[in-house]
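Trainee: Sharing a structure with you now.
Coordinate-derived values only; no laboratory data. Here the structure is a predicted model, which means the values were calculated and not measured. All Cβ positions, glycine included, derive from the backbone under ideal geometry; neighbour counts span all protein chains shown.
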Amino acid sequence: MADQLIRAAAAEGGIRAVGVITTRLTEDARQRHKLSYVATAALGRTMAAGLLMASSMKRVGSRVNVRVKGDGPLGGILVDAGLDGTVRGYVGNPSIELPPNAKGKLDVGGAVGDGYLYVVRDIGYGYPYSSTVELVSGEIGDDVAHYLMNSEQTPSALVLGVFVGAGGVTAAGGLLVQVLPKAARDEALVATLESRVSALSGFTPLLQAGKTLTEILNDLLGDMGLTIFPESQMLRFHCGCSFDRVLGALKILGEAELQDMIIQDDGAEATCDFCGRVYQASSDHLAQLIVDLQTESSISG
Ligand SMILES: [Zn+2]
């Protein structure tokens, strides 16, 4: 099934639910960054969480950045997800592998370690809204739910999953169910949702059993006046980097440094952290940047 996001509501608008299937974009990230099994699970869960969080933003162009900074061997995760359905991300140490945890699952919590979750919501103008919480388990789903409850005061149940085998990612995605302010004081409703979501035996087994997002939401909220919005949104791994941006970044280094690169390396190579794309700037490109810098300084001087 294609990567997609669907939105739903229940309990007369008191409940908001969003589901994502991110199998292909997680496999795309795995190949781009040559991710190990545990790194694929960690980045895949964080990308799904980012897309779920971005889906509640209203303004076109809105994005959410999710940074997981732990003291474990993975060395951090950074994800940038947009309301437009695009996502990109990377981890500090893509090749680390750990033995399975006590439940026999990929040990994402062990790879992440203890630390913090930073979230920045950027609606495209003015100051972005940012907030930080301590990691609960490093398993990502718990951590993001804890963030949504404590920093955004929205009771939220979240399930995220990535299944990666020898041939790559065969199932990935997640589900976010939130109780909106009009119903947030309804403790019985919040408790019912939490117990139902935690009773889901993970998300990937449902996808692997052939369930669609619609069916999963129906199983979960079908008796609560569920409305599934008909438009599903396509999701994909996409990075907005370009050769022009790389040149812009090189220019900031200044004339002396650029001169050095021409003499010592006959050019410069830059790799985009987010998507792994490699850019080559020749000595001619660097020489042109120096000319630009000189022109600018003579105009401003
Ligand atoms: Zn890029």
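Trainee: Alpha carbon centre of region 217-293 versus region 1-78: separation in Å?
Mentor: Using only Cα atoms to place each centre, the spacing works out to 19 Å.
Trainee: Of Gly19, Gly167, Gly85, which has the largest mean-square fluctuation in a 10 Å C-alpha GNM of the chain?
Mentor: Gly167
Trainee: In the neighborhood of Asp107, defined by Cβ-to-Cβ distances under 13 Å, what is the net charge if each Lys or Arg adds +1 and each Asp or Glu adds -1?
Mentor: Numbers: positive: Arg45, Lys103, Lys105; negative: Glu97, Glu139.
Net local charge, Asp107 excluded: +1.
Trainee: Pop out the ³J(HN,Hα) list for region 255-270 in order, Karplus 6.51 cos²θ - 1.76 cosθ + 1.60 with θ = phi - 60°, rounded to Hz; leave Gly and Pro as x.
Mentor: 4, 5, 5, 5, 4, 4, 5, 5, 6, 8, 10, 6, x, 8, 10, 10
Trainee: Okay, next question. Per q in 0.11, 0.12, 0.14 1/Å, what log10 I(q)/I(0) does a Debye calculation on the alpha-carbon atoms of the chain return?
Mentor: Reported log10 I(q)/I(0), two decimals: -0.70, -0.80, -1.02.
Trainee: In terms of modelled amide H atoms, which long-range or inter-chain residues lie less than 5 Å from the amide H of Val136?
Mentor: Asp143
Trainee: Can you give me the long-range amide H partners of Asp84? Hydrogens built in the peptide plane at 1.01 Å from N, cutoff under 5 Å, separation of 5 or more residues or another chain.
Mentor: Gly61
Trainee: Let me know the charge dipole size of region 112-195 about its Cα centre in debye, to the nearest 20, where only the beta-carbon of Lys, Arg (+1) and Asp, Glu (-1) is charged.
Mentor: So the dipole magnitude of region 112-195 works out to roughly 280 debye.
Trainee: Would you please name the GluC sites (Glu not before Pro) within region 215-301 that are DSSP coil residues with at most 16 other C-beta atoms within 10 Å of their C-beta?
Mentor: Glu231
Trainee: Taking H as built 1.01 Å from N, whose amide H comes closer than 5 Å to the amide H of Ile15, not counting residues under 5 places away?
Mentor: Ala10, Leu180
Trainee: Also, quick follow-up: Hey, what number do you get for the chain at 222 nm if only DSSP H runs of n ≥ 4 count, each worth -39500 (n - 2.57), divided across all residues, to the nearest 500?
Mentor: It lands at -11000 deg cm²/dmol.
Trainee: Still on this structure, I have one more. How big is the dipole moment of region 131-274 about its Cα centre under a simple scheme where the beta carbon of each Lys and Arg is +1, that of each Asp and Glu is -1, and everything else is neutral? Debye, nearest 20, please.
Mentor: It comes to approximately 680 debye.
Trainee: A further question on this structure: For the chain, with a Gaussian network of springs between Cα atoms less than 10 Å apart, report the residue from Ala183, Ala54, Ala287 with the top mean-square fluctuation.
Mentor: Ala287
Trainee: Loop sites only, by DSSP: take the trypsin sites (Lys or Arg not before Pro) in the chain that have at most 16 other C-beta atoms within 10 Å and name the longest stretch containing none of them.
Mentor: Values: sites that count: Lys34, Lys58, Arg59, Lys103, Lys105, Arg185, Lys211, Arg277.
Free of exposed loop sites, the longest segment is 106-184.
Trainee: Between Leu74, Gly138, Gly85, whose Cα lies farthest towards the positive end of the dipole of region 55-153 when Lys and Arg beta carbons carry +1 and Asp and Glu beta carbons carry -1, centred on the Cα centre?
Mentor: Most positive-ward Cα: Gly85.
Trainee: For a 25 Å ceiling on Cα separation, which of these pairs sit above it: Lys34/Lys69; Lys69/Lys182; Lys34/Lys105; Lys69/Lys211?
Mentor: Beyond 25 Å: Lys69/Lys182; Lys69/Lys211.
Trainee: Once the piece of chain linking Ser137 and Asp292 is laid out straight, how much longer is it, given 0.36 nm per residue of separation minus the C-alpha distance between them?
Mentor: That works out to 50.8 nm of additional length.
Trainee: What does DSSP give for the chain in terms of the percent of beta bridges that are antiparallel, rounded to the nearest 5?
Mentor: Numbers: 58 of 60 bridges.
Antiparallel bridges: around 95 percent, rounded to the nearest 5.
Trainee: Another question about this same structure. Treating only the Cβ atoms of Lys and Arg (+1) and Asp and Glu (-1) as charged, compute the dipole magnitude of the chain about its Cα centre; round to the nearest 20 debye.
Mentor: Numbers: 24 positive and 34 negative charges, 185 e Å.
The dipole of the chain has a size of about 880 debye.
Trainee: Which value results when the Cα radius of gyration for region 81-180 is divided by 2.2 N^0.38 Å?
Mentor: Rg over 2.2 N^0.38 Å, computed on Cα atoms: 1.20.
Trainee: Still on this structure, please answer the following. Considering only Leu250, Leu106, Leu78, give the residue with the highest GNM mean-square fluctuation for the chain, with springs between Cα atoms whenever their separation is below 10 Å.
Mentor: Judging by the Gaussian network model, the answer is Leu250.
Trainee: Follow-up question, since we're still on this one. Residue-wise, which Karplus ³J(HN,Hα) couplings in Hz belong to region 233-246, taking 6.51 cos²θ - 1.76 cosθ + 1.60, θ = phi - 60°, and x for glycine or proline?
Mentor: 9, 6, 10, 7, 6, 8, 10, x, 6, 8, 4, 4, 5, 5
Trainee: In terms of the ratio Rg/(2.2 N^0.38 Å) built on C-alpha atoms, what value belongs to region 138-246? List each step's numbers first, then the result.
Mentor: Values: Rg = 16.7 Å, N = 109, 2.2 N^0.38 = 13.1 Å.
Compactness ratio reported: 1.27.
Trainee: I'm a student and want to see the number: the projected area of the Cα convex hull of region 1-52, averaged over all directions, in nm². Could the numbers behind the result be given before it?
Mentor: Values: hull surface 16.5 nm².
Average projection, Cα convex hull of region 1-52: 4.1 nm².
Trainee: Largest first and in whole Å, give the semi-axes of region 237-276's equivalent ellipsoid, each being the square root of 5 times a Cα gyration tensor eigenvalue.
Mentor: On the way: eigenvalues 106, 23, 9 Å².
Sorted largest first and rounded, they come to 23, 11, 7 Å.
Trainee: In nm², what is the average projected area of the convex hull enclosing the Cα atoms of region 194-270? Working shown, then result.
Mentor: Values: hull surface 41.1 nm².
Its Cα hull, projected and averaged over all orientations, spans 10.3 nm².
Trainee: Would you work out which of Gly225, Leu200, Ile262 lies farthest towards the positive end of the dipole of region 149-301, given +1 charges on the beta-carbon of Lys and Arg and -1 on that of Asp and Glu, about the Cα centre?
Mentor: Gly225
Trainee: Which ³J(HN,Hα) values, rounded to whole Hz and listed in residue order, are derived for region 210-216 from phi using the Karplus coefficients 6.51, -1.76 and 1.60 in 6.51 cos²θ - 1.76 cosθ + 1.60 with θ = phi - 60°, glycine and proline given as x?
Mentor: Per-residue couplings from phi come out as x, 6, 8, 4, 4, 5, 5 Hz.
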